[in-house]
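Chemist: Here it is: the structure, laid out below.
The values are calculated or read from the model by the stated rules, or taken from the named source; none is laboratory data. None of these values were measured; they are calculated from a predicted model. Ideal geometry is used to build each Cβ from the backbone, glycine not excepted, and the neighbour counts take in all protein chains shown. Note: areas computed on protein heavy atoms with side chains; ligands, DNA, RNA excluded. Shrake-Rupley method; radii C 1.70, N 1.55, O 1.52, S 1.80 Å.
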Amino acid sequence: MTAVAMDVDTDGNQFRPLGNDDDIQHQPPRSISIDDYLDSVYHQNSAARQRKGVILDMIQHWRYYIIFIALGIANSGDSAEMGCTNYILSSVKFQHDILGGGAADDEGEEVDFAKRGAAVAGAHFAGMLISGLLSGVLADIWGRRSTLLLGLACNAVVGVLSAAARTATELCLLRFACGVNLGMVIAGVVTLSAEISPPSKRGRFMTLVASCYTLGFLYTAFWALIIFRVSGSGNWRLFMFMNALPTIVAASLVAMFAPESPRFFLCRGKLTEAVSASNLIASRIGYVDKLLTEEELRRYLFQAKRMGEASFRGKEKIIAVNKNAVAREGGLLREVLTSLAGIKQVFVNGYWRTTIPLQLSYFSLTLVSGVATWLTKIFQNLDLQTDAYALSFYQTLSQIPGVIIASGLIDLVGRRQLVIIGFGSGSATLILLAATANKIKYSEGGGGGYALIVLALACVYTISLCVAWLAVECLSAESFPTKVRSTGRGVCVATGRLAGFCVQFWYGPLVNQNRLSFMMGLASLFSMGGVAASYLTTDTTNVDLQDHWDYSSSARVGGEGCASISADEDNGLVEHERQATMRTSFAETTHID
């Protein structure tokens, strides 16, 4: 392959190949989407990648791979914050300081898991319920990277302050704020990782970023094992401080290396910025023999626009674009309010068939995952005569095979099928756990002989959750057009957070009363409901991301559309295309002669 030199114009954001101007003039302009461009660049370098090996390629092109490392660490910080309640609820000092009051007149007060414990366990879900809607809209308006950075920076501060909380009320407020920030991080991480990945490898890259959730849980489980020890008497405040470190690291890496999504710029009508961002990502992937130009992208958008406007809902798109243009003139606040009022978009024009099944899947999966918040305490209540924190650490390690299974099958089996498999295996495992817990409860010797059985079932339950969560996250990120992708995901995530908040007030009293078999059986029923809900979702395996909201069924196959062109760009698009067609015809005629 012959290298082609590149040059940058005086504005610093336009790339063009250097060479014979006549040769360039004779070449008909391409019509190419961002997806096709990134995919061609990635596969263009596949031969060199195979010769050098994966490790050397990652070292040479570290500026591209470190983007996903930064996003992965951000994801790890999220899971560390979400998983920490599992361990502090089992800490003796935490129970004394927070759940038992801690004041002099509360010395004899019984530890309250039913109210205080459930409130602490569910507070961040309440915050994520709100931010699930707001952060999605913010990411669609303000930017994926900006929203992600804001969430990481705020969560770093909240994480440190949580270590100094004196009462359950203070901690609940801080955990609520943590949940709000977690929503912003999730909205940025998932959407950004989807939009800067080559489409043929999107499932792999997204799954790898999502799998870093496991690292966060392992990080938390490790520090819990070191700090709390067998008796659970360690310093929970030190634990909370250590728990905030991944978020601090992630904020620094994202600020230095992560670019903004070119699809976000496209959605805002900023074609120049979209082209520059696409070329920046392509240059980080590797060698590029012909960088994307604004004219090539514009030609593609014009073609997709004609397909979109030929559909039954074409006129509705034009009205929506004009409304968005008016909202932008009113400033960021007005645009946010307009977008919040426009959340109904994910339920109109037949898209309720996509949104509602995804909502039900998130709702069911979060109900099932609520058991994991209490696993360490469950191990203690079962009296397994084994270190509960060690069991939790081993159970967390089982996320690794879960991630490997999901990564290997996500593109082969399909997103929807993996969600169904995760729900089904989780339901079966919870039934067995309920039967085991019931047998231990009425056993004279206690649960000493059942430690390995309970651990094995807990590991299978964890693997099932990994498979289901990674698949449903990938499914939801690919199910909505770019213009409302973060908003659509936010609606689904908010539905799940509502379930996560409420279910803690069901599970907390059951843990307080030691009715663990009933708790597992209830979670198994929720998992069965998830099987039915996920069956109704639309599989997106090997389907291009949508940029056009008003696709007809035939136009959706085309990939990207042009709902992202601004009103100003749209006015001159027809004339531009006419002139471009004339130039193409002239170039072809000259080339033939």
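Chemist: Can you find, within segment 507-524, the residue that is modelled with the lowest pLDDT among those that are out of contact with any helix residue (DSSP H, G or I) (no Cβ under 6 Å at 6 or more places or on another chain) and crowded, with 16+ Cβ neighbours inside 10 Å?
Modeler: By that ranking, first place goes to 515.
Chemist: Residue pairs, Cβ under 9 Å, 6 or more apart or interchain, first in segment 234-245 and under 12 Å from residue 158 (Cα atoms), second part of a helix (DSSP H, G or I) and β-branched (Val, Ile, Thr). List them.
Modeler: From residues that are under 12 Å from residue 158 (Cα atoms), the pairs are 240/88; 240/160; 241/160; 243/220; 244/157; 244/158; 244/160.
Chemist: Mind counting the residues in segment 352-371 that are open to solvent by less than 30 Å² (accessible area, probe 1.4 Å) and either closer than 22 Å to residue 224 by Cβ or without any contact (Cβ under 8 Å) to a residue 12 or more places away in the chain (or both)?
Modeler: The total comes to 3.
Chemist: Run down 461, 450 and say which single residue is of a type outside the set (A, V, I, L, M) and open to solvent by less than 10 Å² (accessible area, probe 1.4 Å).
Modeler: Of 461, 450, the one residue that is of a type outside the set (A, V, I, L, M) and open to solvent by less than 10 Å² (accessible area, probe 1.4 Å) is 461.
Chemist: Give the number of residues within segment 146-171 that are open to solvent by 40 Å² or more (accessible area, probe 1.4 Å) and in a loop (DSSP other than H, G, I, E, B).
Modeler: 3
Chemist: Against the definition (charged (D, E, K, R) and more than 26 Å from the chain's Cα centre (by Cα)), how does residue 270 come out, yes or no?
Modeler: The answer is no for residue 270.
Quick grid of which residues meet (1) without any contact (Cβ under 8 Å) to a residue 40 or more places away in the chain; (2) over 12 Å from the mean Cα position of the chain (by Cα); (3) more than 25 Å from residue 154 (Cα to Cα):
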| residue | (1), (2), (3) |
| --- | --- |
| 187 | no, no, no |
| 192 | no, no, no |
| 196 | no, yes, no |
| 204 | no, yes, yes |
| 211 | no, no, no |
| 219 | no, yes, no |
| 227 | yes, yes, yes |
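Chemist: For the subset of segment 213-247 comprising residues that are polar (S, T, N, Q) and farther than 27 Å from residue 71 by Cα, which member is modelled with the highest pLDDT? Talk me through it step by step, then tell me what you get.
Modeler: Going residue by residue through segment 213-247, those that are polar (S, T, N, Q) are 214, 220, 231, 233, 235, 243, 247.
Now drop any that are not farther than 27 Å from residue 71 by Cα, which leaves 231, 233, 235.
Details: 231: 58, 233: 71, 235: 87.
Residue satisfying both the conditions and the ranking: 235.
Chemist: Additional query: Six or more apart or on different chains, Cβ atoms under 6 Å: show the pairs whose first residue is in segment 139-168 and farther than 17 Å from residue 78 by Cα and whose second is not in a helix (DSSP H, G or I).
Modeler: Pairs found: 143/260.
Chemist: Could you say whether any residue in segment 268-279 is of a type in the set (Ser, Thr, Tyr), in a helix (DSSP H, G or I) and modelled with pLDDT of 90 or more?
Modeler: No, there is no match, as no residue in segment 268-279 is of a type in the set (Ser, Thr, Tyr), in a helix (DSSP H, G or I) and modelled with pLDDT of 90 or more.
Chemist: Would you mention how many residues in segment 411-446 are part of a loop (DSSP other than H, G, I, E, B) and surrounded by fewer than 17 Cβ atoms within 10 Å (Cβ to Cβ)? First the steps, then the outcome.
Modeler: Taking segment 411-446 first, the residues part of a loop (DSSP other than H, G, I, E, B) are 411-414, 442-446.
Among the residues that remain, those that are also surrounded by fewer than 17 Cβ atoms within 10 Å (Cβ to Cβ) are: 412, 442-446.
Total meeting the criteria: 6.
Chemist: Of the residues 133, 138, which is under 24 Å from residue 502 (Cβ atoms) and either modelled with pLDDT of 85 or more or assigned to a helix (DSSP H, G or I) (or both)?
Modeler: The unique qualifying residue is 133.
Chemist: Looking only at segment 526-540, how many residues end up being in a helix (DSSP H, G or I) and either surrounded by fewer than 22 Cβ atoms within 10 Å (Cβ to Cβ) or under 21 Å from the mean Cα position of the chain (by Cα) (or both)?
Modeler: 8
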